[in-house]
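Structure first, commentary second.
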Amino acid sequence: MKKSLIALASGAFALGAAEFVMMGILPQSAHAMQVSIPEAGHFISAYAIGVCVGTLILVFGRRVPPKRLIVIFMILIIIGNLLSAASVNAPMLILARFVAGLPHGAFFGTATLIAKSVADPGKEAKAVSLMITGQTVANMLGVPAGTLLAQYLSWRMTFAALSAWAVLTLFLVMIWVPDIAAIKDAGIAGQFRFLRRRGPWLILGAVFLGNAGVFCWWSYVSPWLVTVGGYPAEIVPLLMMLAGFGMVVGGLAGGTLTDKWRHAGTAALGQAISGIGLLLVFLVPGSMLSTGLFTFWVAFGLFFISSPQQILMVEAGKDGGELIGGAAVQVAFNLGNAVGSIVGGATLAARNDYHLPALAGVPFAVAAVVLLIVYSWRHETHTDALQRMRQIHSAEIGSTPEQA
């Protein structure tokens, strides 16, 4: 694994942990901020909104070399998590989470471009999946570790530790990530020219809807495991490790398949896996075995789709919009995250049944699969194979290979 990918994966780890750890420490942070669990869902939504707004960094920083952009993003991660650790009330924590989310989408858009640039020919999707592995490992190790810190020390220590990790990553980026020329300057409007086509909107719609569906349930996975699965709260960090392992395996599997098959087809397959998992979460009464299995299942599908969607959007933004294209995936992802958290919270508030958020997410997941199938059908089925066929004349029929 190239050192540059290790540095980028370390940054993805910091962002992945900062984004997902709130699900594991939601009860502790809600209690400290004196708000209910559904109200604490705004701590999740605030990060997602920060991701969307932070994309503007790329709009006005299009002439900045990618490595320098990554350095700026790491500094923002440090500041955002330090503010989260120091928050004294719910509004301040919401603001801190917003700041921590600002570099998220911009980082992944830029890191995807760098990963593709340093990848061996034909292995671009695998390189991107290795970078994204930092985010999945964060869910396997970082989120459980952060949850344990919250349970046995303080949830504030979780954010302080993330800041320290970001400082280390900043150093790795400065010494390992190569200097790559800034993308073609197409102007402010030119960066968005690719969005005039239908294809990118199909992908972004699928990302938004798919993640809204998953996060209807995933935002409240910690209390779900306790209430439905019957697990003691002390065991939840181990189950978060299981979910993280599912994300690691899913991310690597999706990246490998993407290099060999249709990008949108791969994403549709992963989205279908998550959708089926959500339906089973609703239908099965729940036990320790089933809840553990479904936690792994949905997490596997959630990150199976990451690499193909990132690659699709970076390629869609070719000639000046690559960074915006890559970041747009994270914007759609986190908009879906925010909407899913709100819809799931409203479902819980209306009826305190932890099966229902999963059911609310199923229609979103089905719609995402449909959009990806349409994209694959319209944009990935036509090749130039017919034009490349050599015409065979009648005189050649029956001749030997040497004669032909």
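The values are calculated or read from the model by the stated rules, or taken from the named source; none is laboratory data. Computed from a prediction, not measured in an experiment: that's the story for all the values here. Here the Cβ is made from the backbone with ideal geometry for all residues, glycine too, and neighbour counts use every protein chain on show. Side chains included, ligands, DNA and RNA excluded: accessible areas come from the protein's heavy atoms. Shrake-Rupley method; radii C 1.70, N 1.55, O 1.52, S 1.80 Å.
A few remarks follow.
- Qualifying positions in the stretch 239-272 - under 14 Å from A299 (Cβ atoms) and more than 16 Å from the chain's Cα centre (by Cα): L239, M240, M241, L242
- I49 being in the same structural domain as T158 (by the TED database) and either open to solvent by less than 10 Å² (accessible area, probe 1.4 Å) or within 20 Å of F303 (Cβ to Cβ) (or both): no
- Checking P178 against (1) under 28 Å from P285 (Cβ atoms); (2) in contact (Cβ under 8 Å) with a residue 40 or more places away in the chain; (3) loosely packed, with under 15 Cβ neighbours inside 10 Å, the condition it does not meet: (1)
- Of everything in the stretch 150-159 that is in a helix (DSSP H, G or I) and open to solvent by less than 50 Å² (accessible area, probe 1.4 Å), the residue that is modelled with the lowest pLDDT is A150.
- Here A30, A40, A9, A14 are screened, and the one residue that is part of a helix (DSSP H, G or I) and either open to solvent by 10 Å² or more (accessible area, probe 1.4 Å) or among the charged types (D, E, K, R) (or both) is A9.
- Selection within the stretch 79-121 - open to solvent by 20 Å² or more (accessible area, probe 1.4 Å) and within 19 Å of the chain's Cα centre (by Cα): F98, V99, L102, L113, K116
- Restricting the stretch 62-78 to residues that are more than 11 Å from T110 (Cα to Cα) and not β-branched (V, I, T), the residue that is most open to solvent (accessible area, probe 1.4 Å) is R63.
- The set of residues from the stretch 345-366 being touching a Phe, Trp or Tyr at 6+ places or on another chain (Cβ under 6 Å), assigned to a helix (DSSP H, G or I) and of a type outside the set (A, V, I, L, M, F, W, C) comprises P357, G361.
- D185 surrounded by fewer than 20 Cβ atoms within 10 Å (Cβ to Cβ), in a loop (DSSP other than H, G, I, E, B) and modelled with pLDDT of 85 or more: no
Conditions tested, residue by residue: (1) open to solvent by 40 Å² or more (accessible area, probe 1.4 Å); (2) closer than 30 Å to T347 by Cα.
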{"position": "A161", "(1), (2)": "yes, no"}
{"position": "W165", "(1), (2)": "yes, no"}
{"position": "F171", "(1), (2)": "yes, no"}
{"position": "A189", "(1), (2)": "yes, no"}
{"position": "R197", "(1), (2)": "yes, no"}
{"position": "F208", "(1), (2)": "yes, yes"}
{"position": "N211", "(1), (2)": "no, yes"}
